[in-house]
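Q: Let me give you the structure first, and then I'll get to my questions.
The values are calculated or read from the model by the stated rules, or taken from the named source; none is laboratory data. These figures come from a predicted structure and were not determined experimentally. Cβ placement follows ideal geometry from the backbone for every residue including glycine, while neighbour counts extend to all protein chains displayed. Note: accessible area is taken over every heavy atom of the protein model, side chains too, but ligands, DNA and RNA are not part of it. Shrake-Rupley method; radii C 1.70, N 1.55, O 1.52, S 1.80 Å.
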Amino acid sequence: MARSPDPDSAVKSAIRSPRKGTRKRAGPSRLRRAAQWLHRWLTRGIAILFLVTVGWVVAYAVLPVPTTLYMIGESRRLGGIERDWVPIEEISIHLQRAAVAAEDANFCLHWGFDMAAIRDAIAEGGQRGASTISQQTVKNAFLWHGRSWVRKAMEAAITPLVELIWPKRRVLEVYLNVAEFGEGVFGAEAAARHHFGVSAADLTLRQASLLAAVLPNPQQRDAGNPSGFVDRRARSIADGAATIAADGRDGCFAN
């Protein structure tokens, strides 16, 4: 006597043997999974870097900058550096105005980048710099020296953040405390004592102008024993300092 087919067996057989022409859906390829993993970790890395940078900028808005990459390098090369942080209240107003007149006359008027100066520099074929005091402060305090596109890109990204969080007076305070005024001589206080034997608070307009005159090339120029070029440059800076005081372009930092 023939046995009737078991309906349960037929169902199981159908489950085990899919219909002809159907395909099992393939999962994401190995390359796709690797790309997703890389994208996820790059996103996280960028977010962490941004948060660390913001925290760093916020910290330096109130704390003295302990050191910089350039200072560390110069200290190793020279066997030590001269440096003494002082608040801006203990830096002569003459040096504040002289530095602005020498490096960034429109310091109080821009948001970190002097677009007019950038256009002029481009028109002259890039023969002169157009970095503002804000940009130089970012480079000195957070980055490294050198003409790499990576450093310039990071400088361009951090400068607006600094301008957003720090008042202009703080930007100038940090700048005058980390700028190099002679080989291995960093900051206004060390520079004033090294070159003139006085404190930064007691600098005269002439002394302040001589210090500002060496800023673009502090390892080749000497404020204490100025060349004819440095002397002429200092006289021009003194005139510029008087001009920005008269027309109010020192309003963001001068009391």
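Q: At 1.4 Å probe size, with the rest of the protein present, what percent of the exposed accessible area of the chain is carbon and sulfur atoms?
A: Ligands and nucleic acids excluded, carbon and sulfur give 57 percent.
Q: Let me ask you something else. How much accessible surface does S29 have with a 1.4 Å probe, in Å² rounded to 10?
A: 60
Q: Based on the inverse mean of 1/r over its pairs of different Cα atoms, what is the Kirkwood hydrodynamic radius of the chain, in Å?
A: 21.6
Q: What stretch of the chain, leaving out the sites themselves, is the longest with no trypsin sites (Lys or Arg not before Pro) in a DSSP loop having at most 15 other Cβ atoms within 10 Å?
A: 148-255
Q: Another one. If you roll a 1.4 Å probe over the heavy atoms of the protein chains, what accessible area per residue do you get for segment 75-179, in Å²?
A: 48
Q: Can you give me the solvent accessible area of D84 with a 1.4 Å probe, rounded to the nearest 10 Å²?
A: For D84, the solvent-accessible surface is approximately 80 Å².
Q: Which of Q220, Q96, Q207 ends up with the largest GNM mean-square fluctuation for the chain, with Cα atoms connected below 10 Å?
A: Of Q220, Q96, Q207, the most mobile in the Gaussian network model is Q220.
Q: Here is a further query. Any idea which of A47, A98, G73 is furthest toward the positive side of the dipole for segment 40-164, if Lys and Arg beta-carbons carry +1 and Asp and Glu beta-carbons -1?
A: Ranked along the dipole, the leading option is A47.
Q: So what's the gap between the Cα centers of segment 44-123 and segment 163-185, to the nearest angstrom?
A: With segment 44-123 and segment 163-185 each reduced to a Cα centre, they are spaced 4 Å.
Q: Just the accessible area per residue of segment 206-255, please: how many Å² with a 1.4 Å probe?
A: 49
Q: Let me ask something else. Under 10 Å, Cα contacts only: if you run a Gaussian network model on the chain, which one of G197, G182, G146 comes out with the highest mean-square fluctuation?
A: Maximum among the listed residues: G146.
Q: On to the next question. Using modelled amide H (1.01 Å from N, peptide plane; none on Pro or chain starts), what sits under 5 Å from the amide H of V185, excluding residues fewer than 5 places away?
A: Placed amide hydrogens put E82 under 5 Å from V185.
Q: If you don't mind, there's one more thing I want to ask. Applying the Karplus parametrisation 6.51 cos²θ - 1.76 cosθ + 1.60 with θ = phi - 60° to the phi angles of segment 53-60, what ³J(HN,Hα) value in whole Hz is obtained for each residue in order, glycine and proline being reported as x?
A: Whole-Hz 3J(HN,Hα) from phi for segment 53-60: 5, 4, x, 5, 5, 4, 4, 6.
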